[in-house]
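Following: one structure in structure tokens, then a few remarks.
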Amino acid sequence: MTAPLLELDDLRVDFRQSGHVVRAVDGLSYQADKARTLALIGESGSGKTVSARAIMALLPETARVTGSIRYEGTELVGLSERRMRALRGNQIAMVFQDPARSLNPTLRIGAQITEAIHIHRQVSKAEAHDRAVELMELVRLPAARERFRQYPHQLSGGMRQRVMIAIALAGDPRLLIADEATTALDVTTQAQIMELLRDLQERLGMALIMISHDLGLAASYADEVLVMYAGRAVERAATQTLFGHVRMPYTRALLGAIPRLENAPHTTLAAVPGQPPDLATQPPGCPFAPRCPEVTDKCRETAPPLAEQEPGHLWACWHPCGLEDSAAEEVAV
Amino acid sequence: MNELVLEVTDLVQEFILRDRGGGKAGVVHAVSGVSLELASGESLGLVGETGSGKSTLARAILQAPPPRSGSVRLRGVELVGLRGRRLIQARRHAQMVFQDPFGSLDPTWTVTRLVQEPLVAFRVGSAAERRRRAHELLELVGLDPVRYGNRRPRQLSGGQAQRVAIARALALDPSLIICDEAVSSLDVLIRAQVLNLLERLRTELHLAYLFIAHDLALVKQVSDRVAVMYLGKLVELGPAEALYRRPLHPYTVALLASIPSPDPEAPREPVTGTIRGEPPSPIDPPSGCRFRTRCPRAQDLCASQEPPMRQLADGHFAACHFPVNADAPAPEATAMSH
């Protein structure tokens, strides 16, 4: 087996805020392989975006990153800004939620894409122009040549996101991180953009990390899913395995809380009470314990580690769903 | 159950765009002839994408601002044409809950004061009675009045703030609650809590809901009937079960195909086959059927003739010349002016 393209090992991100420490990412490990899609799923504050920004070294100065992020064998944690800049965009690119805010409103679309090409490649003006049109066609922006001279405000949200993807692809990245890239879009547009991303990934052989709060998106488009809660990975498996055999009660809670088309109208959703913990004052034990229906004293005292407990299926729970407790504990220790 | 809370007939809302000199530069056809009814205790879901006019419709129902034409009857009282105090009195039976709870709550007020405010505005009860009622309302929405009553909005989470907004909306015992993307900005688990709360309140207080959202699965969860809006027009209206099982309008089909299923085994058709491109501008909507420029079934007729809303199954209407899943009666047949 070849080494993974990207490998996170025990990544921690702390923010210092007026005296106390907020641990936004707490011991995160995963791999991303080329031509595969990994979905990072979690709610606001689960650490999914912070962990992705740590990969890109896009965190503010107040953040302290420890642990390891290896890209093709190169350690990114502590890498100089100069060397990081060579990777960012060229090797690893990111698409964000709000295309309107990522684009410069005063520059024409074509200028913004060609600028991205010039940053990554030594090419002539004419070559950059041709490459920009090519990229616009690649992301299926209709009437690419006319769009070249338009400004961002003249485009719809979906079109703008296509421009952002074109810019992200300008340096031929091998890893693309899509951070809630379709969240602000309408459902039909979201589906079109997701289909585009999947198609591009297949054609270009990129690794794709999609960050989302939407388990439905993960089920539909990801090969592997990693569920995060309060800065930690709580369950990880191939998509089919995860959705077929949910083990972590938090994942089960997320799935139960989604309105489904198969449900009859007025079905009561399986809602768990409470709210995510305050990351500045985390008690010991499992972060989900205060809300978990399966909670015992053990959960409040000792945090369960994320461990491979069935082939290819990792979870962090003392009382996983769908298993006898005793059997689970044997494997889990 | 048959008593109508809301009757909207042929509602039109347009906004005139001005150029720099103040001349007329165009008209935004935001809502173009929408009719719908809502019975007491009934929940009607209204789905549509950005720019479909669903929020404008909600505001036009509440006369904020009043529509260009059409009729809105709330508990039998015509709202269109009412002004000042008479409008305010008539409108109190309908309350709205918005997407951003923090945007609709004064950040300097305490929770108790926020919930009491509608009672003060309508001079309901004495100060002590209002305080008691506010506590009752907070308990009803699942917030402990002792713990939360003296907090200010910034000391609340998004879910808690939305509960306060709901308590406020309930203060005047309305018959109708209009939820405009009321749970869209909440995280999955909190959203489920608030959705369950809304369901419980509806049955306990016999409320009617007009539930506006872009998420079809979510709308199905709370609705007896569902209306689908596209570019200012209703394109389909029917019982929730039937509309999702046998959608009639190609736009509804595309919306349903776009929803990512949380089941990875679920068969998935590429959306590209059901819809193309993005919505045209409401300033210059397409002739005939407004969906035709994106519709895979469009034919010449769709450009020349606007399809009327027709009843194609029991209580199930669609405005389409070539409906899906219907035993396609000829376009001329059974035209309805619903």
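Computed values, structure above
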item	result
Reference-scaled alpha-carbon Rg (2.2 N^0.38 Å with N residues) for the protein assembly as shown	1.01
Helical contribution to [θ] at 222 nm, DSSP H n ≥ 4, -39,500 (n - 2.57), averaged over chain B, rounded to 500	-9000 deg cm²/dmol
Over region B:255-310 - Rg/Rh using Cα atoms and the Kirkwood inverse-distance radius	1.09
FRET efficiency for A:Thr268 and B:Arg245, using Cβ-Cβ distance with R0 set to 25 Å, rounded to 0.05	0.75
24 Å Cα cut-off, lysine pairs counted over the protein assembly as shown (separation 8 or more, or different chains)	5
Label zone at A:His20 (point 7 Å along Cα-to-Cβ), backbone N below 16 Å, region B:129-156	B:155-156
R0 of 51 Å, Cβ-Cβ distance B:Gln299-A:Thr66: FRET efficiency to nearest 0.05	0.20
Contour minus Cα-Cα distance for B:Phe102 and B:Glu37 (0.36 nm per residue)	20.3 nm
Rounded to the nearest 20 debye, dipole of chain B from Cβ charges on Lys, Arg, Asp, Glu	1380
Longest site-free stretch - chain A; sites: GluC sites (Glu not before Pro), DSSP loop, at most 11 other Cβ within 10 Å	A:62-323
Burial ordering of B:Lys24, A:Lys34, fewest other beta-carbon atoms within 10 Å first	B:Lys24, A:Lys34
Lys/Arg +1, Asp/Glu -1 at C-beta; the protein assembly as shown dipole; positive extreme among A:Ala3, B:Pro282, B:Gln311	B:Pro282
Residue-span extension gain [B:Val120 to B:Ala25] - 0.36 nm each, minus C-alpha spacing	29.9 nm
Separation of the B:Glu14 and B:His206 label points, Cα + 7 Å toward Cβ, nm	4.2
Charge dipole (debye, nearest 20) of the protein assembly as shown; +1 at Cβ of Lys and Arg, -1 at Cβ of Asp and Glu	2540
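The numbers here are math on the coordinates, done by the rules we state, and not lab data. Being a predicted model, the structure only gives us computed values, none of them experimental. Virtual Cβ from ideal backbone geometry, glycine too; neighbours counted across all protein chains shown.
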